[in-house]
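As structure tokens, the structure follows; a few thoughts come after it.
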Amino acid sequence: MASKVSPKGKEKAGKGSKASEERSAAKCDKEWSTWAMKKAKVITHYGFIPLIIIIGMNSEPKPQLYQLLSPV
Amino acid sequence: MGSSVSHAAAPPPTAVGLAVALPPKQDEKAEPKNVDWLNLPCPVPFEEIQREASMSLKPELFEGLKFDFTKGLNQRFSLSHSIFMGSMELPSQSSDTFKVPTAHYEFGANFLDPKLMLVGRVLTDGRLNARVKCDLTDNLTLKINAQLTNEPHFSQGMFNFDYKGTDYRTQFQIGNNAFYGANYIQSISPHLSLGTEIFWLGHQRKSGIGFAARYNTDKIVATGQVASTGTVALSYVQKVSEKVSLASDFMYNHLTQDVTSSFGYDYILRQCRLRGKLDSNGVVAAFLEERLNMGVNFILSAEVDHRKKDYKFGFGMTVGE
């Protein structure tokens, strides 16, 4: 009996700690995903136009570097 | 002299004999078309269901000076510089309109490939407009649309997944502020297509559903849209000739009891495109794009709001393709 009770008690304690673990894991995930979204937004904000320029300068036929700046 | 002229312009073949007397055969009316119900054409995308009416009735009116210069480095890659000097309206309590002069310079880069399109525009105040369109497979397209600002919580982004079937199209949208939307449009007959859309706004717990129908032939396009947000929008465009089309539009919002109706014309001539419209709110507008030379366009925009006694006149030039 006692041996049956203690595993149940342990299960409950296990479940309780698992639930709190899950909650803190979810909170961690949310914090990390918010941090990741903020970093992604900053990277996109600064890097999108340079990305287009790099892709464009490497496409065929390759334009020259001076053509980027001259108005002709 | 005379011989060179006759070589330059070959005379058109003249009709001979009985063909001159009889009227030309009217093929469209005489032949009854057999409808192939298994091979209906693909409908237009759901957001472009009122495309003809929007193009004719809602030109990009502006106030002030606008100068656009597009420089192509490559067949696919181009840079654009744009200057705008105009005024911005400030909201005011009284009936007067307050305008504040604003000016900005916008730098843009475009990469246009059949499979991948990247368009980016950045303004002097740090705002970025980004558009990406990528063909993942033959039928599946990913579109991303984003406006990023330096101020926090003002940025917007939207992801669209489009799937094109044989006679239907479907789209799934994910946006910021937990916006989810989906729409579906199906061709019912060679001329008629019906569509539906639903959306869900997470943060405000709002959802809505809408239905749309589009009937188009060579000469007319008629559309109707009803949404659970209480809006009814109808439009009708008639192509009077190759160069002229007339459009009319009716919008009714049940919740705000707002009714707007507008009529407009669209002249597409060889050297210019002239669009004008008249509104039930007392707004008269016109927009002219004149092609001065290859790649040089001159733009005039005018809008007079008789009810608010507000005038907006703009002029500009677009250089480059």
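Computed quantities for the displayed model
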read-out: Filter result (part of a loop (DSSP other than H, G, I, E, B), more than 7 Å from chain B (Cβ to nearest Cβ) and not hydroxyl-bearing (Ser, Thr, Tyr)) within region A:46-70; value: A:58, A:60, A:62, A:64, A:65
read-out: Filter result (surrounded by 17 or more Cβ atoms within 10 Å (Cβ to Cβ) and farther than 11 Å from residue B:57 by Cα) within region B:251-266; value: none
read-out: So residue B:202, is it of a type in the set (Gly, Ala, Ser) and surrounded by 15 or more Cβ atoms within 10 Å (Cβ to Cβ); value: no
read-out: Tally of residues being modelled with pLDDT of 90 or more and within 14 Å of chain A (Cβ to nearest Cβ) across region B:157-195; value: 5
read-out: Top-ranked residue of region B:112-129 - restricted to ones that are within 20 Å of residue B:140 (Cα to Cα) and in a strand (DSSP E or B), ranked as nearest to the other protein chains (Cβ to nearest Cβ); value: B:118
read-out: Wholly within region B:216-321, strands (runs of 3 or more DSSP E) carrying at least 3 residues that are under 25 Å from residue B:96 (Cα atoms); value: B:258-268, B:272-279, B:283-293, B:296-305, B:310-319
read-out: Candidates B:263, B:287, filtered to the one that is closer than 24 Å to residue B:67 by Cα and of a type in the set (Phe, Trp, Tyr); value: B:287
read-out: Residue pairs meeting the criteria (Cβ under 8 Å; at least 6 apart or on separate chains; first within 10 Å of residue B:176 (Cα to Cα) and within 11 Å of another protein chain (Cβ to nearest Cβ), in region B:144-156; second assigned to a loop (DSSP other than H, G, I, E, B) and of a type in the set (Val, Ile, Thr)); value: B:155/B:149
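The values are calculated or read from the model by the stated rules, or taken from the named source; none is laboratory data. Because the structure is a prediction, the values reported are computed rather than measured. Backbone-built Cβ (ideal geometry, glycine too); neighbour counts: all protein chains shown.
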